[in-house]
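Participant: My structure is below; once you've seen it, I'll send some questions.
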Amino acid sequence: MAEDKKGIGIMGGTFDPIHNGHLLTAQCAAYQHNLEKVIFVPSGNPPHKTEKKITDAQERYVMALLATMSNPIFDVSRIEIDREGLSYTVDTVREFKKIYPDRKIYFITGADAILEIFTWKNPEKLLEETEFIAASRPGYCLSQLGQKIYDSYRETIHPLQIPGLAISSTDIRARVEEGRPIKYQLPESIEAYIKKHNLYR
Ligand code: ATP
Ligand code: MG
């Protein structure tokens, strides 16, 4: 029966680079919701005219692979990287629902991302189609979601309190650029990869 099958977690992000905040969030979500696995989905290369410079998708993908390698319930998908043009979360979720038709799909985000969700394409549709696990993140307040949204989507948005890690990819990139340490903020393999490939300098 479908109810007996474990859920699948989807963790989308730029992962530029992947860090311990992402890994801890995924692990806590998997434990709390008894997920069979969490699939990390690095975003594709942005179309030419975006304001922010993002590291090439292939490098972000390799870093995600390295960081998740030792965890048997973590996986990485190329679904957005291999897709032409902009990726929308709703399309990604639909593809995973096709791959796992009898599983509950959970989209895992941090508090900042869930607060942004209402600016995404088809947010209501997305909330109808998939459940969200919204993890706490230092500096963002989950309760800002508003009572109205919580009331409407009580069954769909699952808040998750995790031990806060005030780590962000933006801060890591700035640290590398300025020659400050990033140790213990991300796996050693990623630190080594960043050094070897001269990223963020
Ligand atoms: P950037 O600073 O470049 O935006 P980021 O650290 O926010 O990077 P993203 O790739 O944007 O990382 O985030 C992917 C997902 O992981 C988002 O849902 C985000 O909310 C969540 N996330 C990232 N860092 C943390 C953290 N420290 N605690 C909880 N959730 C996090
Ligand atoms: Mg972010």
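Participant: Against the conditions (1) modelled with pLDDT under 95; (2) in contact with a strand residue (DSSP E or B) (Cβ under 7 Å, 6 or more places away or on another chain); (3) on the phi > 0 side of the Ramachandran plot, where does F15 fall short? Just the number, please.
Facilitator: (1)
Participant: Could you list all residues from region 23-48 that are open to solvent by 30 Å² or more (accessible area, probe 1.4 Å), free of Cβ contacts under 8 Å to residues at least 60 places away in the same chain and either over 17 Å from T89 (Cα atoms) or out of contact with any helix residue (DSSP H, G or I) (no Cβ under 8 Å at 6 or more places or on another chain) (or both)?
Facilitator: Residues satisfying the conditions are Q27, Y31, N34, K37, P46, P47, H48.
Participant: From the residues in region 138-164 that are of a type in the set (A, V, I, L, M, F, W, C) and in contact with a strand residue (DSSP E or B) (Cβ under 8 Å, 6 or more places away or on another chain), which one is farthest from L186 (Cα to Cα)?
Facilitator: Out of the qualifying residues, it is I149.
Participant: Same structure again: Tell me which residues, restricted to region 79-126, are aliphatic (A, V, I, L, M) and either open to solvent by less than 50 Å² (accessible area, probe 1.4 Å) or in a loop (DSSP other than H, G, I, E, B) (or both).
Facilitator: In the first step, residues of region 79-126 are kept if they are aliphatic (A, V, I, L, M); the result is 79, 81, 86, 90, 93, 99, 105, 108, 111, 113-115, 117, 126.
Passing the criteria: I79, I81, L86, V90, V93, I105, I108, A111, A113, I114, I117, L126.
Participant: Next question. For region 167-199, name all the residues that are free of Cβ contacts under 8 Å to residues at least 60 places away in the same chain and open to solvent by less than 80 Å² (accessible area, probe 1.4 Å).
Facilitator: Correct list: D171, A174, R175, V176, G179, I182, E191, A192.
Participant: Kindly indicate whether any position in region 33-53 is in a helix (DSSP H, G or I) and out of contact with any Phe, Trp or Tyr (no Cβ under 6 Å at 6 or more places or on another chain).
Facilitator: No, region 33-53 contains no residue that is in a helix (DSSP H, G or I) and out of contact with any Phe, Trp or Tyr (no Cβ under 6 Å at 6 or more places or on another chain).
Participant: Of the conditions (1) open to solvent by 30 Å² or more (accessible area, probe 1.4 Å); (2) more than 17 Å from the chain's Cα centre (by Cα); (3) without any contact (Cβ under 8 Å) to a residue 24 or more places away in the chain, E129 fails just one. Which one is it?
Facilitator: Only one criterion is unmet by E129, namely (3).
Participant: Sticking with this one: Could you list, in sequence order, the residues of region 151-201 that are part of a helix (DSSP H, G or I), within 9 Å of ligand 1 (Cβ to nearest atom) and in contact with a His (Cβ under 8 Å, 6 or more places away or on another chain)?
Facilitator: S169, I172
The values are calculated or read from the model by the stated rules, or taken from the named source; none is laboratory data. From a predicted model like this one, the values you see are computed outputs, not experimental measurements. Virtual Cβ from ideal backbone geometry, glycine too; neighbours counted across all protein chains shown. With ligands, DNA and RNA removed, areas are computed over all heavy atoms of the protein, side chains included. Shrake-Rupley method; radii C 1.70, N 1.55, O 1.52, S 1.80 Å.
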